[in-house]
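First the structure, in the form of structure tokens, and then the observations on it.
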Amino acid sequence: MRLKLEETDDIENELLESGLNLMDHNRRRRLQRTRLVKKDLVDNEETIRKLMQMSYYFVIYDMTIHEQY
């Protein structure tokens, strides 16, 4: 799974505490790659939903800024 996320301490702590298999973080593109297995979907459903929602709003917000210029 790849999510475009803002780089904050809160998000980093959320990812680390979840126990998900974090692959890498591309700072330039702001992409966080995570390897998911079926067990992760069951054990971390709320965390995954929250991260996906944050990613969605981050992408939408980022797009609206660029559209103005």
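Please find, within region 22-37, the residue that is farthest from the chain's Cα centre (by Cα) out of those that are modelled with pLDDT of 90 or more and assigned to a loop (DSSP other than H, G, I, E, B). Ranking the qualifying residues of region 22-37, first place goes to V37.
If we keep just the residues of region 2-21 that are touching a residue at least 40 places away in the same chain (Cβ under 8 Å) and crowded, with 16+ Cβ neighbours inside 10 Å, which is farthest from the chain's Cα centre (by Cα)? Among residues in region 2-21 that are touching a residue at least 40 places away in the same chain (Cβ under 8 Å) and crowded, with 16+ Cβ neighbours inside 10 Å, the one farthest from the chain's Cα centre (by Cα) is I11. How many residues does region 31-45 hold that are surrounded by fewer than 10 Cβ atoms within 10 Å (Cβ to Cβ) and under 18 Å from E12 (Cβ atoms)? Of the residues in that region, 0 qualify. Consider L41 carefully, then state whether it is hydrophobic (A, V, I, L, M, F, W, C), modelled with pLDDT of 90 or more, outside any loop (DSSP other than H, G, I, E, B) and closer than 18 Å to Y61 by Cβ. No; evaluated as a whole, the condition is false for this residue.
Scan region 1-21 for residues that are under 17 Å from E46 (Cβ atoms) and not in a loop (DSSP other than H, G, I, E, B) and jot them down. Selection gives L3, D10, I11, N13, E14, L15, L16, E17, S18.
The values are calculated or read from the model by the stated rules, or taken from the named source; none is laboratory data. The shown structure was predicted, so the numbers you read here are calculated from the model rather than taken from an experiment. Positions of Cβ are backbone-derived with ideal geometry, glycine not excepted, and every protein chain shown enters the neighbour counts.
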